[in-house]
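Right, one structure below, let's go through it.
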Amino acid sequence: MNKEIEIKLEIASEGVEKLLKCSFFSTIAAKAEQKTLNNTYFDTSDWQLNKRRIALRVRNSDGCYIQTLKTKGVSEQGLHQRLEWEWDLQQPQLDLSLLPQQHWPAAIAVGDLKALFTTNFSRQLWYFQHIDANGVESSVEMALDRGLVTADGVDQQLPICELELELLEGSATALIEIAAILTAQCPELRACDVSKAARGYQLLEQSNQSHECD
């Protein structure tokens, strides 16, 4: 179990080129890594996990499979903090035996879980150190994600275009300072409190409302 601490910033796709030309990228002295991530999110038919702000997914990262559980956390102006578990899988199937019983809602039967939507995107990754105003050195992962949220039987899709700053070690002050630098250099960046999972439920909700109006 880890505590995930990150800042999420969203940007329109047409602003990405300007973002990548910001002087900040020339100061971190880190070459970008490239990944393709395909994620399937699970919940009950009536979204009992979502109602408790819990996210459960299986990720295919270039042929490596990871199951992730994230519990309810706090989010303020783009800074997110929540508990997170990750398990390596041998195949892209949910392994219910891995779920931590002490953190799993007793009212939710794991047998009721099913795949609801996917988030598929390309990711550019940078790893670097940052020394904040207090002299604390922190390790940071910066990820630029671009892709789509989709759901079976739903014609509409939602775009993903966001920059995530995740604290690997050190102080959350580093994330706040880096976000301030980036938004000053690229005003198109905006603090975002909406997760990729939340966008998936938004897509499903829009589809349900559309069907109700038919």
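The values are calculated or read from the model by the stated rules, or taken from the named source; none is laboratory data. All values reported here derive from a predicted model rather than from experimental measurement. In this analysis, Cβ positions are derived from the backbone assuming ideal geometry, glycine residues included, and neighbour counts consider all displayed protein chains. These area figures cover heavy atoms from the full protein model, side chains too; ligands, DNA and RNA do not enter into them. Shrake-Rupley method; radii C 1.70, N 1.55, O 1.52, S 1.80 Å.
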Would you mention how many residues in the range 187-206 are modelled with pLDDT of 95 or more and either out of contact with any strand residue (DSSP E or B) (no Cβ under 9 Å at 6 or more places or on another chain) or of a type in the set (S, T, N, Q) (or both)?
-> 2
Test result for S207, without any contact (Cβ under 8 Å) to a residue 60 or more places away in the chain, of a type outside the set (D, E) and part of a helix (DSSP H, G or I) = yes
Enumerate the pairs (first residue in the range 57-68 and at positive phi; second residue anywhere and open to solvent by less than 50 Å² (accessible area, probe 1.4 Å)) with beta-carbon separation below 9 Å, excluding pairs fewer than 6 apart on the same chain, so at least 6 apart or on different chains.
-> D62/L37
What strands (runs of 3 or more DSSP E) lie completely within the range 70-181 and have 3 or more residues being without any contact (Cβ under 8 Å) to a residue 40 or more places away in the chain and not basic (K, R)?
-> 79-89, 137-150
Considering only residues of the range 50-78 that are of a type in the set (G, A, S) and farther than 17 Å from D95 by Cβ, which is modelled with the lowest pLDDT?
-> G78
Residues of the range 86-142 that turn out to be surrounded by 14 or more Cβ atoms within 10 Å (Cβ to Cβ), hydrophobic (A, V, I, L, M, F, W, C) and farther than 28 Å from N208 by Cα, as a count | 8
In the range 79-120, how many residues are under 28 Å from V140 (Cα atoms), at pLDDT 95 or above and of a type in the set (D, E, K, R)?
-> 2
Quick check: is even one residue across the range 11-19 in a strand (DSSP E or B) and either open to solvent by less than 30 Å² (accessible area, probe 1.4 Å) or of a type in the set (G, A, S) (or both)?
-> no
